[in-house]
Each structure stands twice: as structure tokens, then as C-alpha cells.
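Visitor: Below is the structure I would like to discuss, written out as C-alpha cells.
The values are calculated or read from the model by the stated rules, or taken from the named source; none is laboratory data. If you're wondering where the values come from, they're calculated on a predicted model, not measured in any experiment. Note that we place each Cβ from the backbone using ideal geometry, even for glycine, and neighbour counts take in every protein chain shown.
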Amino acid sequence: MNRGVYTLALRALAPLIWLWMAHRARRAGGRWEIFSPERFGRVGPSSEPSSQPSQVASLIPSENPSALPYAAPVWVHAVSLGETRAALPLLNALLERGLPVLLTHVTATGRAEGERLFQDAIARGQLRQAWLPYDFPGATRRFMAAHRPRCGLLMEREIWPNLLAAARQARVPMALVSARYSESSLRQARRMGGVMREALAGLDIVLAQTAEDAGRLAQAGAPAAQVTGNLKFDLVLPPAQVQAGRAWRAQLGRRVVAVASTREGEDAPFLDAIKRHAAAPDAPLFLLIPRHPQRFDEAARLLTDAKLAFVRRSAGTAPAPQAAVLLGDTLGEMAFYYAASDVAIVAGSFAPLGGQNLIEACAAGVPVIVGPHTFNFKQAAEDAVAAGAACRAEREGAAVDAAMALLADEARREAMGAAAARWFRSHAGATARTMQALDGLLR
């Protein structure tokens, strides 16, 4: 497939993509602005008003791109919530260096998290947000002409053929940062043929998380990669959240097991397992934390159907002694939840979905249990298990049983928690290595 055929296919599929996005918007809420000017590469006011005041829109004139109130920003693309959080150490380093930053997203959750994390930089005009344009030739060319970035930094695996072609035409150097590339990504690239090889070859710098990622990227057609590590290891947990979580746990007077980042199909099996232990006199409090906010109400219905006593975190009330579950239906509080826990089950890995980030739990010094499907965090999960920071369970019920066994074995639980903290600290430094590798582009 060449880029012309790819573009024709994308145009033909665009209505289905927009319907899918509209469906997600109805379920998840938030500002998606599917047909806003920004989605088509035009700089202008959003087509839908923000649900809360924002100083971003006031910095975006509707005409005359040369009048934009910032010069040659460093453009960072973080597609969704996870990538936005992963980019936090790098974005902070760019801001500390005094560089103007343009941060783009595809999903509403990613954009909302960016607004939350960087509200001070947005207020002072150093960071702006925009939607990534759809990967149509005209939209990507307009995006480059309007924003004129000094360079583009794509987080993890965001390869869009027309976007990279437009960057080459505009002479904007591009880097793939904290890159991860699985076997399935390599197979998909091979199926797409020349269009993906051309896109990857257009990158100026590739910074991979692991040597395995670097090797697969080279096979797919990318330039030789430098291994700089995973930016998630440079995460600094918010001290206020950590302190609040530990104080909450001490006041609660019960042991706590976090079941974090659950995905579709995982909640019900976890609740079945929790019910088996909920009647015990010394039963812990389970924190059930769905990965996506659109599933908070669904999780509440499942808890009601399971006849498990629960309280919603958003209600702001402390769990009663008879409560079996606290439903973590808030955003941006994962550090609180992990700091409040004695054991963390990191879900998204019990269905074949690739797993979720276990590094944050290890940063909190909490023993971790993961499922069998961790291909999105393959190296990190394998290394954490080898370091004694984590263990695996094949199914949701087995994970809950393993958590209960850890609660009963204080010595092993403390040893795993200490190993998790050591393992996290031993992998620090990816941000400094990344900034050094990007120095020529940033200047």
C-alpha cells in the first residue's frame, strides 16, 4: 500500500471513524469537538464551549497564523490519557528549560488531563493545547503551517503517514520518544507495506524504551534507535496525594487492596472473587478503580447487582465498617489510591488487552499483582516480576486470592514492597537521556 491508497482508504472510512468517536463521546462525556476546526488543521476557536473556564482559547486567534502569541513551539503529541501522564516528566523538563510547548491529543480524557496537569503553564501562556488533525494531507499541511513547530515529539507509537509527510514538507524534524513497538505493531506495519515503512523512515530521531523495541522498529523501517528508557520511571508521585492516601489508610483501620485500572469484562469476575472474602471478620476494603470514567456508573451497577456494600469515592464519605468496596470514580487520584493500599492488583491484564501501567504502583512501594496479558508493558512487567516487585496470576479470582495471601504474610508483603520501590528507582533517568538526545532539535 502506498500513501495515496492509504489516504483514499482513510477518506472512505472517515464516516465510520467519526461515528465511533461520537459513540465514545456519548459514553465518556467531555469535549471531543469531532468536527472542530482544529481537527482539520485550522487554528481557531473550538466549535463547542468548554465545560469549565479555560485560558487556552483566548490565546488562539481565529485568523492570521503569524499572529500566534508564541514562537516555534516544541510540539508534543500524547494521544490519550495514558500517554499524557507518561509525557509528564518530559513536558516538565521542556517547560523548566523555558521552551514554549504545543501539546496535542486525540481523546477528550487526554486533553482534560493535560489541562489539569499543566494549568499553571497554560495560564502563563507557555503551553497550549490543540487537537491532532485527522491524517488527511490538507489537514496535516494546515496544522504545520499554522503552528510552525521547531520540532515534533511523538509519544510511544504515534505514527501517522500523512502527518509525517507534512512534517517533512515543512522541514519540521520529528522524533519518536519513549517508543514501544510490540510484535503485533510490527506485523501490522508489515501488512500496511510501503506506507508505514515510508512514514517510519521519515523520523529524524527514534528513542526506544528497550533494545527489543529498537530492534522491532528497525525491522519496520525506522532509523537506528537509541535506547533511552521509559519516561514513566521518572514519574514523581504528588506528595500531597501520597500523604493523604497514607493518612486515610491509617484512619480507616483496615487493610486495603487496590484493584486498579479495570477494563471491560474484568469487573464482574473480580466482584465474584471479592464476595468470597467479603464476609470474613478481617476482610480488607477493596478499591475498585475502573480505567475509564465512562465505566464508573457501569461498575456501580455491577456492585449493586452483586449485593456488595460499597461507597463511591466521589461522594466524599468514609466507607462504613460493613462496606466491602470503595469505588474509585475520580480522575487524577491514582497516587492516593496506591498510597492507601497494602497490595495492588493492576488490571487491564486479565483480558487480552495488553495491561496497564504497573510502574506507578511500584513507585508507591506497593506489592503488585498482574495478569497474563501484559504485552503493552512486556519488558516492565517481566523485569518487575524478576526483581521480586510483582507476581502474576492467571485469572481475576486467583489475583484476589494472591492478594489475600500477601495480606496474611507480612514479611513477604514488606519484602515485595521494598523490592518495588528499589526497582522503580533503579530505572530512573530516562528524561535526562531523552533531553540530551533531543538537544539538537530543541535548539
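Visitor: When you look at Asp267, is it over 30 Å from Arg180 (Cα atoms) and not basic (Lys, Arg), yes or no?
Guide: no
Visitor: Quick one: which helices (runs of 4 or more DSSP H) lie wholly within segment 66-145 and hold at least 2 residues that are buried (at least 22 other Cβ atoms within 10 Å of the Cβ)?
Guide: Per the criteria, 81-86, 88-96, 108-117.
Visitor: Restricting to segment 174-185, give me the number of residues that are more than 26 Å from Ala72 (Cβ to Cβ) and either surrounded by fewer than 17 Cβ atoms within 10 Å (Cβ to Cβ) or β-branched (Val, Ile, Thr) (or both).
Guide: The number of residues fulfilling the criteria is 3.
Visitor: May I pose another question? For segment 315-328, give me each residue that is at pLDDT 95 or above and not hydrophobic (A, V, I, L, M, F, W, C).
Guide: Hit for segment 315-328 is Gly328, nothing else.
Visitor: When Arg187 is evaluated against the numbered criteria (1) in contact (Cβ under 8 Å) with a residue 24 or more places away in the chain; (2) of a type outside the set (Asp, Glu); (3) out of contact with any strand residue (DSSP E or B) (no Cβ under 6 Å at 6 or more places or on another chain), which criterion, by number, is the only one it fails?
Guide: (1)
Visitor: Working only within segment 364-380, note down all residues that are in a helix (DSSP H, G or I) and surrounded by fewer than 24 Cβ atoms within 10 Å (Cβ to Cβ).
Guide: Phe375, Asn376, Lys378, Gln379
Visitor: What's the number of the condition Arg255 fails, among (1) within 23 Å of the chain's Cα centre (by Cα); (2) surrounded by 17 or more Cβ atoms within 10 Å (Cβ to Cβ)?
Guide: (1)
Visitor: OK, next. Cβ-Cβ below 9 Å, separation at least six or inter-chain, first residue in segment 335-359 and of a type in the set (Asp, Glu), second in a helix (DSSP H, G or I): which pairs?
Guide: Pairs found: Asp342/Arg249; Asp342/Ala403; Asp342/Leu406; Asp342/Leu407; Asp342/Arg413; Asp342/Gly417.
Visitor: Could you figure out which of (1) more than 23 Å from the chain's Cα centre (by Cα); (2) surrounded by 16 or more Cβ atoms within 10 Å (Cβ to Cβ) isn't true of Met334?
Guide: (1)
Visitor: Counting just the residues of segment 239-267 that are in a strand (DSSP E or B) and of a type outside the set (A, V, I, L, M, F, W, C), which one comes out nearest to Leu331 (Cα to Cα)?
Guide: Ser261
Visitor: Still on this structure, please answer the following. Just to verify a result, which residue in segment 381-415, among those that are assigned to a loop (DSSP other than H, G, I, E, B) and among the acidic types (Asp, Glu), is nearest to Asp282 (Cα to Cα)?
Guide: Ranking the qualifying residues of segment 381-415, first place goes to Asp409.
Visitor: Also, quick follow-up: Identify all residues within segment 216-242 that are free of Cβ contacts under 8 Å to residues at least 60 places away in the same chain and more than 30 Å from Glu183 (Cβ to Cβ); write none if there are none.
Guide: Result: Pro239, Ala240.
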